[in-house]
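Got a structure here, written out as structure tokens. Questions coming.
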Amino acid sequence: MGTFKHIDNKKVPGHLDWFGWCTWDAFYMDVNPQGIKEGLERFMEGGCPPRFLIIDDGWQETYNDFQKEGEPFVEGSQFASRLTDIKENGKFRALKQDIPCYDLQEFTNFIKESYGLKFVYVWHALLGYWGGLHPSSETMRKYNPKIEYPIQSPGNTGNLRDIAMDSLEKFGVGVIDPQRIFDFYNDLHSYLASCGVDGVKVDVQTLLETLGFGHGGRVALTGRYQEALEESIARNFGANNLICCMNHNSDSFYR
């Protein structure tokens, strides 16, 4: 097909040579600098310090139009949060307690120097966040996001209902203009690289197969996104420093 290479012909990412820690199971979306610091210290005390860290979901600046303070929680609405900025959220800025850092760059440098980390990756979704980009965000408007509604196939829904997909089908996704997708990845990844981040874990990838209408179909849309993603990774991180997650559909595998 000429659209992918076998692993034997690829450079294996350097992080695979090291024991690593992903923050997800420890914190879920409540990940924060103090917790990461304490977690790394516990690993060192236990004699198995990680050399590779993934800061998972919870570090980004997002907004949810469907969750209002004082109102009852609507199950599934958590997946409708949308990205409003490429920079870190308030938890990773103006840090307090015993962490002498004031932003993501200083925190990344601090944990590398203090705990011997060789690689620090961060998480993001293929469309920026679970609910895509927020169309009303001044920062995100340059990528021309539009709210679109996933269309699930009868084969999938007849096999297994998924709360995330059902939520996005109801609340919609801020889909990045395929003509601007490289600009988005390049802006995000260049910022992360400037902060000392070495690579990314890119999640929620199979969502694209439900958004092909109006974009030439799911295969064409996936191709544009994956090509832009890999080009940005190579440009900004200088290596194959990419972990793909929730990407087990043939469109993603063969693109």
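Restricting to segment 78-105, name every residue that is over 30 Å from I176 (Cα atoms) and surrounded by 15 or more Cβ atoms within 10 Å (Cβ to Cβ).
Passing the criteria: L95, I99, C101.
Now, a different point. Would you please list the contacts, defined by Cβ atoms under 8 Å and residues six or more apart or on different chains, that run from a residue in segment 204-225 that is in contact (Cβ under 8 Å) with a residue 60 or more places away in the chain to a residue that is among the hydroxyl-bearing types (S, T, Y) and crowded, with 17+ Cβ neighbours inside 10 Å?
These pairs meet every condition: Q205/S252; L208/T222; L208/Y225; L208/S252.
Test Y225 against the criterion of being of a type in the set (S, T, Y) and under 22 Å from D85 (Cβ atoms), and give yes or no.
Details: of a type in the set (S, T, Y): yes; under 22 Å from D85 (Cβ atoms): yes.
Spelling it out, Y225 is indeed of a type in the set (S, T, Y) and under 22 Å from D85 (Cβ atoms).
Listed here are the residues, each with its yes/no results for (1) exposed (fewer than 14 other Cβ atoms within 10 Å of the Cβ); (2) modelled with pLDDT under 95; (3) under 17 Å from the mean Cα position of the chain (by Cα); (4) part of a helix (DSSP H, G or I).
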position	(1), (2), (3), (4)
G214	yes, yes, no, no
T222	no, yes, yes, yes
A228	no, no, yes, yes
S252	no, yes, yes, yes
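Here are the criteria: (1) surrounded by fewer than 12 Cβ atoms within 10 Å (Cβ to Cβ); (2) over 30 Å from S137 (Cβ atoms); (3) charged (D, E, K, R); (4) in contact (Cβ under 8 Å) with a residue 12 or more places away in the chain. Tell me which single one E75 does not satisfy.
All conditions are met except number (2).
Looking at the structure I just gave you, is G174 surrounded by 18 or more Cβ atoms within 10 Å (Cβ to Cβ), among the small types (G, A, S) and not in a helix (DSSP H, G or I)?
Values: surrounded by 18 or more Cβ atoms within 10 Å (Cβ to Cβ): yes; among the small types (G, A, S): yes; not in a helix (DSSP H, G or I): yes.
When the stated conditions are applied, G174 passes them.
Next question. Can you give me the number of residues within segment 82-95 that are within 9 Å of Q60 (Cβ to Cβ) and outside any strand (DSSP E or B)? Let's see the steps before the verdict.
Keep residues of segment 82-95 that are within 9 Å of Q60 (Cβ to Cβ), which gives 83-89.
Subsequent filtering for residues that are outside any strand (DSSP E or B) retains 89.
Selection size over segment 82-95: 1.
Which of the residues belonging to segment 90-106 are of a type in the set (A, V, I, L, M, F, W, C), within 20 Å of the chain's Cα centre (by Cα) and either more than 25 Å from N240 (Cβ to Cβ) or at pLDDT below 95 (or both)? Lay out the reasoning, then the answer.
Within segment 90-106, the first condition is being of a type in the set (A, V, I, L, M, F, W, C), and the residues that meet it are 92, 94-95, 99, 101, 104.
Now drop any that are not within 20 Å of the chain's Cα centre (by Cα), which leaves 92, 104.
If the condition is that a residue be of a type in the set (A, V, I, L, M, F, W, C), within 20 Å of the chain's Cα centre (by Cα) and either more than 25 Å from N240 (Cβ to Cβ) or at pLDDT below 95 (or both), then F92 is the only one that fits.
Another question, if that's okay. State which residue is farthest from N236 (Cα to Cα) when the search covers only segment 150-171 and only residues that are of a type outside the set (S, T, Y) and buried (at least 18 other Cβ atoms within 10 Å of the Cβ). Before you say what the answer is, go through the steps one by one.
Step one: filter segment 150-171 for residues of a type outside the set (S, T, Y), giving 150-152, 154-156, 158-166, 168-171.
Restricting the remaining residues to those that are buried (at least 18 other Cβ atoms within 10 Å of the Cβ) gives 150, 165, 168, 171.
Working: P150: 31, M165: 31, L168: 30, F171: 33 Å.
Filtering segment 150-171 for residues that are of a type outside the set (S, T, Y) and buried (at least 18 other Cβ atoms within 10 Å of the Cβ), the one farthest from N236 (Cα to Cα) comes out as F171.
Condition first: farther than 29 Å from G14 by Cα and of a type in the set (D, E). Can you find one or more residues in segment 126-138 that meet it? I'd like the intermediate steps shown before the answer.
If we filter segment 126-138 for residues that are farther than 29 Å from G14 by Cα, which is where we start, we get 131-138.
Still in the list and also of a type in the set (D, E): 138.
Yes, the conditions are met somewhere in segment 126-138.
The values are calculated or read from the model by the stated rules, or taken from the named source; none is laboratory data. Quick caveat, the model's predicted, so the values are computed rather than measured. Cβ sites come from the backbone with ideal geometry, for glycine too, and all protein chains shown count toward neighbours.
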